[in-house]
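Have a look at the structure below before the remarks.
The values are calculated or read from the model by the stated rules, or taken from the named source; none is laboratory data. As the structure is a prediction and not an experimental result, all values here were calculated from the model. We place every Cβ from the backbone using ideal geometry, glycine too, and count neighbours over all the protein chains shown.
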Amino acid sequence: MEPIKYLGYNRRDFLKLTGMAGAVFGLAGFATKKENKIVPLSGMSDENVGLNHLIFIDKDSQVTLVNHRPEMGQGVYQSMPMLIAEELEINLKDIQVIQSGADREKYGHQQVGGSSSVRKSWTPSRQLGAAARMMLVQAAAEQWAVPVGQCSVQNGVIRNNSSGAELKYGEVVEKAATYKVPTDIKLKSKGDFKVLGKSLPRLDAGLKTNGKAVFSLDMEVEGMVYATMLRSPTFVGKIESFNKEEVAALPGVLNVLKIETPVFSFKRQAVAIVAENYPAALKAKKALKVKWNNEGVKLWSEKEVIDKFQSSSEVSGVVLESEGDMANLEQGASQMEATYYCPYQAHACMEPMNAIVQVDGDSCTFWGGVQSPNWIKSTLANYLSIPEKNVEMNISFLGGGFGRKAFTDFALEAASISKEMKRPIKLIWTREDDISQGPFRPAALYKMSAYFNKKNEVTGLKNKLITQDMGHQWPGANKEEVTQWIFEGANKNYGFSNFELEAVPMEFPIPVMWWRSVYASTNGFAHESFIDELASALKKDPIAYRKTLLKNKKRESAVLDQIKKMSGWNNKKQGTGLGVAMVESFGSICAQAVQVSKNNKGSITIEKVYVAMDCGMTVNPDIIGQQVEGSIVMGLTAAIKSKISFEQGMAVEKNFDKFKMLRIHESPEVQLHIMDNEEAPGGVGEPALPPIAPALTNAIFDLTGKRIRTLPFDLNEI
């Protein structure tokens, strides 16, 4: 196999592209491998002809595909080109890929989050590839003076089936680009796929192992200086005073500034230190002494937070969904209840928040890794009161995102400092900033209730969720309404004749934000734990009981059948426990079985995780496997290792000494089965996270008889 071609830059070349040469990385230009010259992505170059905004071909038939979504490890640098390559009839080894900037008009939805990239691009990207292929074939057919139907395509070569003549794409691309884009497009069926559904090597793997991958922290531009910040440890504290003159006199320090930027509906105050280099900025930060004023702000401690959640479980909330007649059931039926609690969580991306921003009059240029390029772009424009077209976005690889890098706060901070300093600013959050400042995954408490008739049959189920509604944090939010997807992952396909989802929104001065699988990460734990408790109370097998509840749900039942088969459910190894959970989220169905045992010290060992995933038609099974494994590691970390707690309004955990992460030697073996069907693609990056905690705690119950209803817990103290 020939080596895959990459469009990679060393640091010097990258500086030329993004700084000294004034070129835009991705959207406005890229370097050809032959001449290292800037080529605009307008499709008008003599060497690179654009058939649309994602596909460019030069005269030598070199195909360049634009990845229009940010790559944070989830595989879009591979999956987006695969969608195009399938219908364009080219081999991935023959292409090079570049990253786009932000442009709603060209690229539409560019945010990566909600496991939406493939789901939203499955049809549009394939249509662009098919349309480009049709235009190229039409150009060849006209050159040969034969009907289009007499031509076939393979690996970027068009063949005249009558004469045997062949033309490469590069030989007809200029003529093809003059045609109108066809609208009557027929896409391939699954049986004809040559690229999609194949475990092809990732196009970014080489870049990330040979050092050519450009992450946000790698980016540099001419004339930039560094900044770090000391923010209020209570999120909403105000600055009374700080030792500006003393810190400003330290070596390498250029300025010490008071900064105020919006975070949701409040203004976050901070002191920014600008220095010639990052070590100087950090050293100066240690010398900074700020007097904070928290007057009028309640400073919550952990026990008060939990007490507030528990007391709020007795308050009536907003009923989002209701089937049957729950009110009469509550009056006359016997009842079983259980309460579950999940704490706040930090995102803890391995690459903390950072960005370079240059504000120059009525224009702004951004360099960095973000999940939502257009949101950052519009937010910067609004904050600076400049036209959105004057904001230029240069997007790098992200060293993790998990929802955190979709937010705008760090970009606004860098812009605020740059506006004051009148030069490009590289702002870097420390690990302590990253873990303790949020926004966090919201904590959640669940009051689960089941109702029984005289035959001891479950006649109703109620799920009452107490949590912060992320949507209530924004200025002018209607707090009478509740975010509709707040119950993502609470399985509504179980056929209870009486069923109710009720939410009690909480208010705390603690910023919360999307976290991998968002509310499903906690909904799945409570809901699937309680279903298991019901099965136990009814003396029914947990998988069999779930199947009776699913009734005619064929896809869900098939996933459970698969997890039963692969885990050896009916023939479990002696001395082990098996637990199951199934969560539907982001368009996919994921069931997991966890196998546990007790070691010779009496603590629990997680031996293996079995996963059956139905995510519809697939792009690359290897990437699905990577995302499943990553989700399980992150879900286990939240289940048995980490949490964010508070004391006097401040996060207690500030670094990995207290915010523990799952280590390699603690990570279990994962066996994955991807269901084969022709359903529409579902999400992949998040759906494997919600089932892991309940599958684990259900397995521990199977082994020990002990129910775990609060996360995180210690495997050594069961």
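Could you list, in sequence order, all residues of the range 345-374 that are in contact with a Gly (Cβ under 8 Å, 6 or more places away or on another chain) and of a type in the set (Ser, Thr, Tyr)?
Once the filter is applied, which keeps residues that are in contact with a Gly (Cβ under 8 Å, 6 or more places away or on another chain) and of a type in the set (Ser, Thr, Tyr), the range 345-374 yields only 372.
Pick out, from the range 375-477, the strands (runs of 3 or more DSSP E) lying fully within it that include 3 or more residues that are of a type in the set (Val, Ile, Thr).
Hits in the range 375-477: 458-468.
Would you point out the residue of the range 282-300, among those that are surrounded by fewer than 16 Cβ atoms within 10 Å (Cβ to Cβ), of a type outside the set (Asp, Glu) and over 34 Å from the mean Cα position of the chain (by Cα), that is modelled with the lowest pLDDT?
Per the stated criteria, the residue is 296.
For the range 612-653, which residues satisfy the criterion of being closer than 19 Å to residue 517 by Cα, touching a strand residue (DSSP E or B) at 6+ places or on another chain (Cβ under 7 Å) and not acidic (Asp, Glu)?
Selection gives 612, 613, 615, 624, 625, 628, 632, 638, 642, 643, 644.
Going residue by residue through the range 491-500, is there one that turns out to be over 17 Å from residue 323 (Cα atoms) and either in contact (Cβ under 8 Å) with a residue 60 or more places away in the chain or among the basic types (Lys, Arg) (or both)?
No, because not a single residue in the range 491-500 is over 17 Å from residue 323 (Cα atoms) and either in contact (Cβ under 8 Å) with a residue 60 or more places away in the chain or among the basic types (Lys, Arg) (or both).
Is there any pair with a first residue in the range 198-217 that is under 13 Å from residue 97 (Cα atoms) and a second that is of a type in the set (Asp, Glu) whose Cβ atoms are under 8 Å apart and which are 6 or more apart or on different chains, and what are they?
202/622; 204/71; 213/204
Given the conditions (1) polar (S, T, N, Q); (2) at pLDDT below 95; (3) closer than 23 Å to residue 231 by Cα, report the number of the one that residue 269 does not fulfil.
So the condition that residue 269 fails would be (2).
Residue 617: crowded, with 16+ Cβ neighbours inside 10 Å, touching a helix residue (DSSP H, G or I) at 6+ places or on another chain (Cβ under 8 Å), farther than 30 Å from residue 343 by Cβ and hydrophobic (A, V, I, L, M, F, W, C), yes or no?
In short, yes.
Identify, please: which residue in the range 364-406 is among the aromatic types (Phe, Trp, Tyr) and closer than 19 Å to residue 99 by Cβ and is, among those, nearest to the chain's Cα centre (by Cα)?
Only one residue tops the list, namely 397.
Hey, among the residues in the range 226-246 that are β-branched (Val, Ile, Thr) and in a loop (DSSP other than H, G, I, E, B), which one's modelled with the lowest pLDDT?
By that ranking, first place goes to 236.
Could you check how many residues of the range 92-124 are surrounded by fewer than 24 Cβ atoms within 10 Å (Cβ to Cβ), touching a residue at least 60 places away in the same chain (Cβ under 8 Å) and assigned to a helix (DSSP H, G or I)?
Residues that pass the stated criteria total 7.
Any chance you could count how many residues in the range 452-485 are under 20 Å from residue 338 (Cα atoms) and either touching an Asp or Glu at 6+ places or on another chain (Cβ under 8 Å) or not aliphatic (A, V, I, L, M) (or both)?
Looking only at that region, the number is 12.
Would you please name the residue that is farthest from the chain's Cα centre (by Cα), looking only at residues in the range 267-281 that are part of a strand (DSSP E or B) and free of Cβ contacts under 8 Å to residues at least 60 places away in the same chain?
Filtering the range 267-281 for residues that are part of a strand (DSSP E or B) and free of Cβ contacts under 8 Å to residues at least 60 places away in the same chain, the one farthest from the chain's Cα centre (by Cα) comes out as 275.
Collect the residues in the range 593-626 that are in a loop (DSSP other than H, G, I, E, B) and closer than 20 Å to residue 493 by Cα, keeping them in residue-number order.
In the first step, residues of the range 593-626 are kept if they are in a loop (DSSP other than H, G, I, E, B); the result is 599-603, 615-620.
Within the range 593-626, 615, 616 qualify.
Looking only at the range 597-614, filter to residues that are touching a helix residue (DSSP H, G or I) at 6+ places or on another chain (Cβ under 6 Å) and of a type outside the set (A, V, I, L, M); which one of those is nearest to residue 686 (Cα to Cα)?
Within the range 597-614, the match that is nearest to residue 686 (Cα to Cα) is 614.
For the structure I just gave you, tell me whether residue 316 is at negative phi, surrounded by fewer than 16 Cβ atoms within 10 Å (Cβ to Cβ) and more than 31 Å from the chain's Cα centre (by Cα).
Taking the combined requirement at face value, the residue satisfies it.
Conditions tested, residue by residue: (1) part of a loop (DSSP other than H, G, I, E, B); (2) in the same structural domain as residue 370 (by TED's automatic domain parsing); (3) of a type outside the set (S, T, N, Q); (4) touching a helix residue (DSSP H, G or I) at 6+ places or on another chain (Cβ under 7 Å).
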residue	(1), (2), (3), (4)
489	yes, no, yes, yes
530	no, no, yes, no
558	no, no, yes, no
579	no, no, yes, yes
591	no, no, yes, yes
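Restricting to the range 450-487, name every residue that is among the small types (Gly, Ala, Ser) and either surrounded by 22 or more Cβ atoms within 10 Å (Cβ to Cβ) or assigned by TED's automatic domain parsing to the domain that holds residue 267 (or both).
450, 460
I'd like to verify a number: residues in the range 642-653 that are surrounded by 15 or more Cβ atoms within 10 Å (Cβ to Cβ) and either over 22 Å from residue 521 (Cβ atoms) or of a type in the set (Asp, Glu) (or both), how many?
Of the residues in the range 642-653, 3 are surrounded by 15 or more Cβ atoms within 10 Å (Cβ to Cβ) and either over 22 Å from residue 521 (Cβ atoms) or of a type in the set (Asp, Glu) (or both).
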